[in-house]
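Asks: My questions all concern the structure below.
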Amino acid sequence: VSDYDMPGRNGIEFLETVREEYPDLPFILYTGKGSEEVASDAVSAGVTEYLQKESGTDHYALLANRIGNVVESYRSQRRLAERNEDLRRYKHMINAMNEAACIYDADGRFEIVNEYLADWYNTTREALTGRQSNLIPSIREQSADGDPYQALLDGRRDQLSGEIEVEFPDHGYGVLEYRLTPIVVD
């Protein structure tokens, strides 16, 4: 939060200095010297919020609310960027494997698929993404003790592995050896 009128430089010059080192840091220009020109310059310089000071104390509640909103938005964007970076690393790891490998979502749909698995299905990775896996329903159906996939998701199991007899599209009937391990990406 910065004022516009300050000794040595104005708030927009200060914002430009901050942006050089912290390009994404939330910045609120909170000024009593409001004009369309100042507001336009502030927006052009990349200000997150522009607020004019008002008389009385009600504007402090508005300022506090705006600070909370921009900080939460900034943190959400950082968490999303971190999650996307984690997914990028997992995707790279999955694609480097020389056997069928994928990442499922909580509902057992393909989230990330490697080329080997896509070839097995005679399709592309993109075409499989979002589709329901044949494996997860089969594991659930053939399990004698509840839902082992849900137990894995809930943290009651560290790993889920075994062999399963299943019909594969375009490949016929077979026995599949599988190993599932949870990856938590918030």
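Asks: Before rounding to the nearest 500, sum -39500 (n - 2.57) across all DSSP H runs of length at least 4 in the chain and divide by the residue total; then give [θ] at 222 nm in deg cm²/dmol.
Replies: Details: 7 runs with 84 residues, N = 186.
Helices in the chain give a 222 nm mean residue ellipticity of -14000 deg cm²/dmol.
Asks: In degrees between 0 and 90, to the nearest 10, how far off the longest principal axis of the chain does helix 36-45 point, with axes built from Cα atoms?
Replies: 40
Asks: Please list, ordered by chain and number, the residues whose modelled amide H lies under 5 Å from the amide H of E111; skip anything fewer than 5 residues away on the same chain.
Replies: For E111, the qualifying residues are I103, Y104, D105, G130.
Asks: I've got another one for you. Evaluate the relative contact order of the range 84-186 (contact order divided by residue number), counting alpha-carbon pairs under 8 angstrom at least 6 apart; express in whole percent.
Replies: Values: 133 pairs, mean separation 17.1, N = 103.
Answer for the range 84-186 is 17 percent.
Asks: Quick one: helix 58-96 against the long Cα principal axis of the chain, what's the angle to the nearest 10°, folded into 0 to 90?
Replies: For helix 58-96, the angle is close to 30 degrees.
Asks: Would you compute the Debye intensity of the range 2-57 from its alpha-carbon atoms alone, equal scatterers and no solvent, and pass along log10 I(q)/I(0) at q = 0.28, 0.31 Å⁻¹ to two decimals?
Replies: -1.18, -1.36
Asks: I would also like to ask the following. How high is the relative contact order of the chain, given as a whole-number percent (alpha carbon pairs under 8 Å, six or more residues apart)? Walk me through the intermediate numbers first.
Replies: Details: 215 pairs, mean separation 20.4, N = 186.
The normalised contact order for the chain reaches 11 percent.
Asks: If Rh is defined by the Kirkwood formula over all Cα pairs and Rg also comes from Cα, what ratio Rg/Rh do you get for the range 70-155?
Replies: Details: Rg = 15.7 Å, Rh = 14.7 Å.
Rg divided by Rh gives 1.07.
Asks: Could you give the length gained on full extension between D5 and R156, defined as 0.36 nm per residue of separation minus the Cα-Cα distance, in nm?
Replies: Details: separation 151, 0.36 × 151 = 54.36 nm, distance 5.88 nm.
Taking 0.36 nm per residue and subtracting the Cα distance, the gain is 48.5 nm.
Asks: Under a plain spin-label model, where a point goes 7 Å from the Cα along Cα-to-Cβ, how far apart in nm are E163 and T181?
Replies: Computed distance between label sites E163 and T181 equals 2.2 nm.
Asks: On to the next question. What is the distance, in nm, between label points placed 7 Å from the Cα along the Cα-to-Cβ direction at Y74 and at E54?
Replies: 2.5
Asks: Ignoring everything but the protein chains, give the 1.4 Å probe accessible area of R109 in square angstrom, nearest 10.
Replies: Rounded to the nearest 10, that gives 80 Å².
Asks: Right, another one. Measure nothing but the geometry: give the 0 to 90° angle between the long axis through the Cα atoms of 11-21 and the longest principal axis through the Cα atoms of the chain, rounded to 10°.
Replies: It works out to around 30 degrees.
Asks: Just for the Cα atoms in the chain, what are the lengths along the principal axes, largest first, rounded to whole Å?
Replies: Extents along the principal axes, in whole Å: 77, 32, 23.
The values are calculated or read from the model by the stated rules, or taken from the named source; none is laboratory data. For clarity, every value in this text was computed on a predicted model and none was experimentally measured. Note: ideal-geometry Cβ built from the backbone for every residue, glycine included; neighbour counts use all protein chains shown. Just so you know, the surface numbers come from the protein's heavy atoms only, side chains and all, with ligands and any DNA or RNA stripped out. Shrake-Rupley method; radii C 1.70, N 1.55, O 1.52, S 1.80 Å.
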